[in-house]
1. Magnitude of the Cβ-charge dipole of region 45-182, K/R +1 and D/E -1, about the Cα centre, nearest 20 debye?
2. Pick out, from Leu97, Tyr349, Val76, the residue whose Cα sits farthest towards the positive end of the charge dipole of the chain, with +1 on the Cβ of Lys and Arg and -1 on the Cβ of Asp and Glu.
3. Any idea of the accessible area per residue across region 112-263, 1.4 Å probe, to the nearest Å²?
4. Hey, what's region 326-430 come to in accessible area per residue, 1.4 Å probe, Å²?
5. Residue separation times 0.36 nm, minus the C-alpha to C-alpha distance between Gln370 and Gln287: what's the value?
6. Show the residues, 5+ positions off or on another chain, whose built amide H is closer than 5 Å to the amide H of Ile211.
7. Which Cα, out of Tyr206, Val154, Thr302, lies furthest along the positive dipole direction of the chain (beta carbon charges, K/R +1, D/E -1)?
8. Solvent-accessible area of Tyr206, probe 1.4 Å, all protein chains present, reported in Å² to the nearest ten, please.
Amino acid sequence: MLTGMKAAALVATTAMAGLLACGAAGAAEVTAVSAARLLDVASGKYVDNPLVIVTDGRISAVGKKGDAIPAGAKVVDLPGATLLPGLIDMHTHIDGLAEIGGYNSLQYSDRFWSVVQVANAKKTLQAGFTTIRNVGSADFDDVGLREAIDAGYVEGPRIVTAAWAIGATGGHCDSTFFPPSMDEKGPYNIDSPDEARKAVRTLKKYGAQVIKICATGGVFSRGDEPGQQQLTYDEMHAVADEAHMAGIKVAAHAHGAAGIREAIKAGIDTIEHASLVDDEGIKLAVQHGTYFSMDIYNTDYTQAEGKKNGVLEDNLRKDRDIGEIQRQNFKKALKAGVKMVYGTDAGVYPHGDNAKQFAIMVRYGATPLQAIQSATITAAEALGQSKDLGQVSTGHYGDIIAVSGDPLADVTTLEKPVLVMKGGAVVRRP
């Protein structure tokens, strides 16, 4: 038996040897990135000739060209380019394919979707979106994908996972396309506050990092209309209370004005779509600090390609009915001061085209800076991850993109990043 002093000495010696070995064999990974300019998304001002140092995945310094570069650093120099933080899409369905609509999905097995999401994740990251919030997927697909990405087996963005969405029986998040004989139903339907609380607890248990509810009807469901409220205030309040007690946030699919108002009053953190919001709903959002995630690009795709992809006519009809209304309400809510986050509903249109919404936001009243902030600093704030995401700043993750030219003059430059870096690792380069 070792005496106490000898044992302590042995532990200390072993620990020091381990540290020395790590220092020799596992030296810090350092990347130095320089460009013509860096957009400070908080101020909206450019920093000329920046030099950004990323050490072991996090930004360790933001200086100027000419500053000392650590010995052994990988150097990435991008003359003429603009650096920005990695982009954040707050509303995706990573295991979905826009190209397979309606009943065409029945040609494929259940596990098909868990496989194609791997390619979707890579396309999303290559497009400059280094973080996504995935608000609903079947069979805990997004949880498994997040685990595989985090473990280094698959290339993709950071994912904040919702897993299954919570909805009312017969509502938008239920399975409504089949007859009773098939007994198809959403596994997390709720019809009371107690059921709501249990659903939140169970989803968190199995990997949900955000809770998604369906407060109203939807466009791509059957047997309902987008404006119809489907969850009661008490049910939504129970979800919000239970989730917040567990330290996680709640996103509510809500097209209809009444459902939006009740969701905001119930304490929901972000309203998804918000298509038919009224003046009272906008006022409530400003008062409560509720974020809107308004997917105002995807109608262009669904109306052009939906029929070919198998989307049913009734779904396309609903899409036509609310598309322009949603865009006008985006303009109104933005002008009123509602906090906007960048959410695209990727999966309703092809993954990898996430950045196409920037131009639509500018067309409907946003400045290029406001559009960029919605996908960076404001999105990070809505996620509760401002210390890690949304800025090129010391201490933040080394999630950086570069585009050619000036995105404040031409926001479409964001559609074609020339560099994508996630955690200091370059995943796309010129």
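The values are calculated or read from the model by the stated rules, or taken from the named source; none is laboratory data. Keep in mind that this is a model prediction, so the values were computed, not measured. Positions of Cβ are generated from backbone atoms using ideal geometry, with glycine treated the same way; all protein chains shown enter the neighbour counts. Each accessible area value is taken on the protein alone, full model and side chains, heavy atoms only, with ligands, DNA and RNA left out. Shrake-Rupley method; radii C 1.70, N 1.55, O 1.52, S 1.80 Å.
1. On the way: 11 positive and 15 negative charges, 107 e Å.
Using only the charged Cβ atoms, the result is roughly 520 debye.
2. With unit charges placed on the Cβ atoms, the residue in question is Val76.
3. Heavy-atom SASA per residue in region 112-263 reads 39 Å².
4. 36
5. 27.9 nm is the gain from fully extending Gln370 to Gln287.
6. Here the answer is Lys249, Val250, Ala251, since their amide H atoms fall under 5 Å of that of Ile211.
7. Towards the positive end, the residue furthest out is Val154.
8. 120
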